[in-house]
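Worksheet: one structure, shown below.
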Amino acid sequence: MPVTHLSIHADLPRWAVIAACVLAAASFVLLLVELRRRERGGLLVVVTGAVALLALVVSILRPVRVSANESVVGARVVILADASRSMSLPDGAETRVVARDRVIAAITHEAKEARLTVLGFGEGAARPLGKDASFGRSDLTAALHAIENAPEERPDAIVVVSDGRLDDPPEGAARDVASILHVPIHTIATTKTAPADASIRHVTAAGAAVAHVPIPLRIEVGCAGGLTCDELTITARELHHDGAPTLLASGLAHVKDGSATLDLPITLERAGSAVVEIALSGASGDAIPENDRRLVTFNVARERVRVLHVAGRPTNDVRALRQWLKGDASVDLVAFFILRTPTDSVNATQEELALIPFPVDELFSEHLPSFDAVVLQDFDAQPYGLEKHLPALASYVRSGGGLVMVGGPNSFVAGGYASTPLADVLPVHLAGGPGSTAADPAPFVPEWTSLGRDAPMLGPLRNVLGDDLPEMPGANVLEDVRPGALALWAHPHHKTKRGAPMPVLAVADVGNGRSIALGVDGGWLFSFSDLGARTGGRAHGALWDGLLGWLMRDPRFEPAQIEVSCVAQHEGTLTVHSSSHEKTDLSLDVSRMDTTDQAPIHLEKKSVDLGSPITFTLPPLAAGGYSALLHVGDGAATRRDFGCEVGGDEWADSRPDTTRLHEIADATGASFHDANSAGSLSLPKATVVSTERHVAPIAPPWLWALIAALSVGGHWYARRRSGLS
């Protein structure tokens, strides 16, 4: 808009203007001091002196009239609104998001001249704040760094609207924030009142989770908002894919000054991923029951694999496997060679016997859960009393145990396993009934199936042998693989009843466990044969290292690795990593662990390149434990158990943190406000920009000089009249 105003001449530097004004003021003060020596006419001297000084200053400044079109450019202000999940916590009858949006509306209404940019900050760089936006964690530091490195105009001020429950910067690091942009960071608290809430604020584990080894958990419990909770019961339960949760430990947390810490050791028996529910009870009037439990996912490793090896007789194959198991330092081996049955008549006393009866009842009723894997090698179940324990052994496999059945004259059908509960957990069907053939004694060389060539568990063997396999002295007769099982080796001539190549080596996932069927007793030939001699006997160890590693869910032998990010009621992500570079189809089934009423969520990706991470988007899931089963092509599957919590870490501590907001504002020379006083926020003033500027002198310089000379002359005359020199 057009504006006209007065200014001084443009050729005068600022220091000259200041010097002229200072000298004029000093001269006037000296004049007042000098008046004490006057004889008369003091008022006239003062007036003429003031006029003379003013005329001299004006003659120096030479005022001009400036006409211009001026516009006002508001200061750039970035509003960083907390968009983390903690903002969805209740705040009275509404949520903190509602209070946050109300604060932003108040600032927008009052700061009409400012150029406002509203962004939501959470994880990573700040993003435009849309409706119902939720960005996970509250990382203010990352948002400020992103603004610092952005190509846009640098802001004149930052306004942070948050509940103060920030993940970054941590407590006591406000000065680190001040050094990022070097601009004022005003802070506004959406709420100052903590809700009545008892919660599990933090769960930490001392060291890695190892199967069969106690894991000390430190559980931090909080009680805020005036809630009374002197004692809280804490329980730890392991969730299972099928079956009820297992109680691992429980204890009492004694709350003092609103918090308590409880050390609770737990022991996980199975390797792989495990979901542990940590829950509290005993708090009456809790306004946020969703954070009364945490779902913690552990990646359980094994320090040593505890293996029960039961063999019917000491054959070459039994000796070779037992020797390899004993020679592996990572294996804790318990082995039995069954050389007599309980009904054998030995005509000797127990003290004279060198061989003790097989402790079948003790092993398979009391000690079975302590083993990671059971290997039944050329073992007849009926004469040794194992038959009555087969239901328990099958249940052991489904609940997470590993089973290997190795062939021989007394294995599979010949061992009496057909039509038993154990047959249901083997990867292959067994042909039972009269007339069933137990074995094919003809020598043969197993053939690789396409799945066997690609199976990571047989990768070590193929690295040693390539496609070569030794000739086997016959095979147990096995039928087709069960649905979901994989045949890795097949017989070159023998067919199943349905006409398919007879499987020789097959594997399967069974419930939470895994099982392997190896229908030959010639594994020792991987070391003691012409082929074994060419490879230095390394092939036998390579075979069993892969099979036992897959059975124990060793990541080296899984077809892929899975990472999951999940918060209840929000979309999640599941990322697949693989060392393979082939193109294949991926099939994913996500099922709830604590119920069988819900159908699994099925997702697929066709012809994807495994050389780069593959991400599935999970639909919003309810809070609870879940199991993701991933099939890579037609090959083996890998499973990942995970938990979905309401709010996750962002809901664990519901107390607002106004102290941290105060610290950030103080460290940057800015101000802190609550939600009610957000409209009084003091922001940088606008900048005036002039265009089409025209300058015209009010009078020519000689006229200003003449006026100054006449004024000085008048003052000199007044001085002479008053008696001053």
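The values are calculated or read from the model by the stated rules, or taken from the named source; none is laboratory data. Model, not experiment: these values are computed from the prediction. Cβ placement follows ideal geometry from the backbone for every residue including glycine, while neighbour counts extend to all protein chains displayed. Surface accessibility is based on the protein's heavy atoms, side chains included, excluding ligands, DNA and RNA. Shrake-Rupley method; radii C 1.70, N 1.55, O 1.52, S 1.80 Å.
Taken over the range 97-116, the criterion of being part of a loop (DSSP other than H, G, I, E, B) and either among the polar types (S, T, N, Q) or open to solvent by 90 Å² or more (accessible area, probe 1.4 Å) (or both) is satisfied by Lys112, Glu113.
In the range 496-534, which residue that is among the polar types (S, T, N, Q) and crowded, with 19+ Cβ neighbours inside 10 Å is nearest to His429 (Cα to Cα)? Break it down stepwise before answering.
Of the residues in the range 496-534, the ones among the polar types (S, T, N, Q) are 496, 512, 515, 527, 529.
The next check asks that each one be crowded, with 19+ Cβ neighbours inside 10 Å; those that pass are 496, 512, 515, 527.
On the way: Thr496: 10, Asn512: 20, Ser515: 13, Ser527: 30 Å.
Top of the filtered list is Thr496.
Output yes when any residue across the range 242-252 is more than 30 Å from Asp597 (Cβ to Cβ) and of a type outside the set (S, T, N, Q), and no when none is. Yes - at least one qualifying residue is present in the range 242-252.
Candidates in the range 451-469 are the residues that are without any contact (Cβ under 8 Å) to a residue 40 or more places away in the chain and open to solvent by 50 Å² or more (accessible area, probe 1.4 Å); of these, the one that is farthest from Gly635 (Cα to Cα) is Asp467.
Among the residues of the range 667-684, are any of a type in the set (D, E, K, R) and open to solvent by 50 Å² or more (accessible area, probe 1.4 Å)? Write out each step before concluding.
Narrowing the range 667-684 to residues of a type in the set (D, E, K, R): 674.
Those still in the list that are open to solvent by 50 Å² or more (accessible area, probe 1.4 Å) too: none.
There is no residue in the range 667-684 that is of a type in the set (D, E, K, R) and open to solvent by 50 Å² or more (accessible area, probe 1.4 Å).
From the list Arg201, Arg154, the one residue that fits, being open to solvent by 10 Å² or more (accessible area, probe 1.4 Å), within 25 Å of the chain's Cα centre (by Cα) and charged (D, E, K, R), is Arg201. Does any residue of the range 635-644 turn out to be touching a residue at least 40 places away in the same chain (Cβ under 8 Å), under 30 Å from Gly92 (Cβ atoms) and among the β-branched types (Val, Ile, Thr)? No, there is no match, as no residue in the range 635-644 is touching a residue at least 40 places away in the same chain (Cβ under 8 Å), under 30 Å from Gly92 (Cβ atoms) and among the β-branched types (Val, Ile, Thr). Evaluation of Arg294 against the conditions (1) farther than 24 Å from His540 by Cβ; (2) at pLDDT 90 or above; (3) open to solvent by less than 70 Å² (accessible area, probe 1.4 Å); (4) part of a helix (DSSP H, G or I) shows that the sole unmet condition is (4). Apart from one condition, Ala93 fits all of (1) under 28 Å from the mean Cα position of the chain (by Cα); (2) within 30 Å of Pro289 (Cβ to Cβ); the exception is (1).
This table checks each residue for (1) part of a strand (DSSP E or B); (2) open to solvent by less than 50 Å² (accessible area, probe 1.4 Å); (3) touching a Phe, Trp or Tyr at 6+ places or on another chain (Cβ under 7 Å).
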residue: Ser579; (1), (2), (3): no, no, no
residue: Thr584; (1), (2), (3): yes, yes, no
residue: Thr615; (1), (2), (3): yes, no, no
residue: Leu621; (1), (2), (3): no, yes, no
residue: Gly625; (1), (2), (3): yes, yes, no
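Restricting attention to the range 470-495, which residues are among the hydrophobic types (A, V, I, L, M, F, W, C), open to solvent by 10 Å² or more (accessible area, probe 1.4 Å) and in contact with a Leu (Cβ under 8 Å, 6 or more places away or on another chain)? Correct list: Leu486, Ala487. Restricting the range 117-151 to residues that are within 19 Å of the chain's Cα centre (by Cα), among the hydroxyl-bearing types (Ser, Thr, Tyr) and not in a helix (DSSP H, G or I), which is surrounded by the most Cβ atoms within 10 Å (Cβ to Cβ)? Only one residue tops the list, namely Ser138.
Considered as a group, the residues in the range 598-613 that are assigned to a loop (DSSP other than H, G, I, E, B) and surrounded by fewer than 20 Cβ atoms within 10 Å (Cβ to Cβ) include one that is nearest to the chain's Cα centre (by Cα), and that residue is Pro613. Here Val78 passes the criteria (1) within 27 Å of the chain's Cα centre (by Cα); (2) within 20 Å of Ala142 (Cβ to Cβ); (3) of a type in the set (A, V, I, L, M, F, W, C) except the one numbered (1). Just one of (1) open to solvent by less than 20 Å² (accessible area, probe 1.4 Å); (2) without any contact (Cβ under 8 Å) to a residue 12 or more places away in the chain fails for Ala244. It is (1). Scanning the range 503-525 for residues that are in contact (Cβ under 8 Å) with a residue 60 or more places away in the chain and of a type in the set (A, V, I, L, M, F, W, C) turns up Ala506, Val507, Ala508, Val510, Ile516, Ala517, Leu518, Val520, Trp524.
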